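What follows is a set of notes on a single structure, which appears directly below.
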Amino acid sequence: MAEIPAKFDRTIDESIAHLLAKCADAHGCSPDEVRGRIARALSKYLFLDSQTVEHADVIKFIEEIRGDELCLVLACERGDEKAWDDLVREFDSTVKSAARKIAANPENADDLASSIWAELYGLRVDKDGVRKSKLAYYSGRGSLGGWLRAVTAQLAVDQHRKNSKLIQVEEDRDLEVLAEAAGNSDQNGIVSHAATGEEMLIQKDSSDAVTAALRSAIDRLDEEARLILKLYYFDDRKLKDIAAAFGYHEATASRRLAKIHGDIRKKVEASLKREHGWTDGDVKRNLADVAAKMGVDMEKMLAGLAVMIMLQVLSI
């Protein structure tokens, strides 16, 4: 993306202040919070290499940003629960309507709509623990409803491509890996692929450390969290079914599962550093190595191994 010349800073700041002043509900967004998203949009759509940009162009561009909807999205990314409730209430019907127009039958439409909310909340995190949500791609240009319909269509296309190539969706692949792991785990609960001739996922000393940290994390999970993990990973229940079981919306189920992933990761990392003297680099390197060799992301790897340990404890 093109760099924005410093001479436009004041114009951008004043235009953002005006945009926020017009918002019916800015959801607590600060000018700095909004500026990051708008600057990215300016770089991508306005400040192109072959285009001459004037101050009036910048002002017009920012004036056309949908401030209320952009602030709603930014607040959701920040973790504002009220903002999430507002987003679901205002746009759940939009997502479901778009899914019904694309899907082959009502059941597929419900699954697609549930997947959209999971993607919007973000069940994955990057190597630094930052949640990866599709909301990060909304710039405020154009209506949020239209953008959500486009996201729904794109996800449907992605799923169709995977299915047409006989590639399992990620959740199914994760379940397969973890199920295989459950049948090939050593006495400590860390996975070994000796049966397939593959090397151990990590050295035994690291395995013991991670196992101990996981057991400690499990001990501090509440009963609801344990049940959600079991339902999602080993009972192959969809988020919408889990939500129905607990009496809340599937978007809330997505947020709850993501929070459990994050809580387990934080507890494991803290335990490894406290009990074994691992540095941040040691933690990231060893955990990432396990996840990479299992073919899943770190949060799902930790959650899946946690469920394996839970099942072992229950079977004793």
>> So residue 95 passes all but one of these: (1) touching a His at 6+ places or on another chain (Cβ under 8 Å); (2) closer than 30 Å to residue 253 by Cα; (3) not charged (D, E, K, R). Which condition number does it fail?
In response: (1)
> Do any residues in the range 49-76 that are more than 30 Å from residue 132 (Cα to Cα) have Cβ atoms under 8 Å from those of residues that are assigned to a helix (DSSP H, G or I), where the two are at least six apart or on different chains, and which pairs are they?
Replying inline: 53/8; 55/8; 55/11; 59/11; 59/15
>> With the condition being modelled with pLDDT of 80 or more and not aromatic (Phe, Trp, Tyr), I'd like the helices (runs of 4 or more DSSP H) fully within the range 168-281 carrying at least 2 qualifying residues.
In response: 204-219, 223-233, 239-246, 250-276
>> Against the condition part of a helix (DSSP H, G or I) and either among the polar types (S, T, N, Q) or modelled with pLDDT under 80 (or both), how does residue 285 come out, does it pass?
In response: yes
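Here's the yes/no breakdown for (1) surrounded by fewer than 17 Cβ atoms within 10 Å (Cβ to Cβ); (2) of a type in the set (A, V, I, L, M, F, W, C); (3) under 21 Å from residue 20 (Cβ atoms); (4) modelled with pLDDT of 95 or more:
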| position | (1), (2), (3), (4) |
| --- | --- |
| 45 | yes, no, yes, no |
| 48 | yes, yes, no, no |
| 54 | yes, no, no, no |
| 77 | no, no, yes, no |
| 86 | yes, no, yes, no |
| 93 | yes, no, no, no |
| 105 | yes, no, no, no |
| 108 | yes, no, no, no |
| 125 | no, yes, no, no |
> Which pairs do you get when a residue that is assigned by TED's automatic domain parsing to the domain that holds residue 217, found in the range 259-274, comes within reach of a residue that is among the aromatic types (Phe, Trp, Tyr), reach meaning Cβ atoms under 6 angstrom, with the pair 6+ apart or on two chains?
Replying inline: 272/278
> For the range 73-122, what are the residues that are within 19 Å of residue 242 (Cβ to Cβ) and either touching a strand residue (DSSP E or B) at 6+ places or on another chain (Cβ under 6 Å) or not in a helix (DSSP H, G or I) (or both)?
Replying inline: 122
> Do we find that residue 145 is modelled with pLDDT of 85 or more, assigned to a helix (DSSP H, G or I) and touching a helix residue (DSSP H, G or I) at 6+ places or on another chain (Cβ under 6 Å) in this structure?
Replying inline: yes
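The values are calculated or read from the model by the stated rules, or taken from the named source; none is laboratory data. Keep in mind the model is a prediction, meaning the values are calculated, not measured. Positions of Cβ are generated from backbone atoms using ideal geometry, with glycine treated the same way; all protein chains shown enter the neighbour counts.
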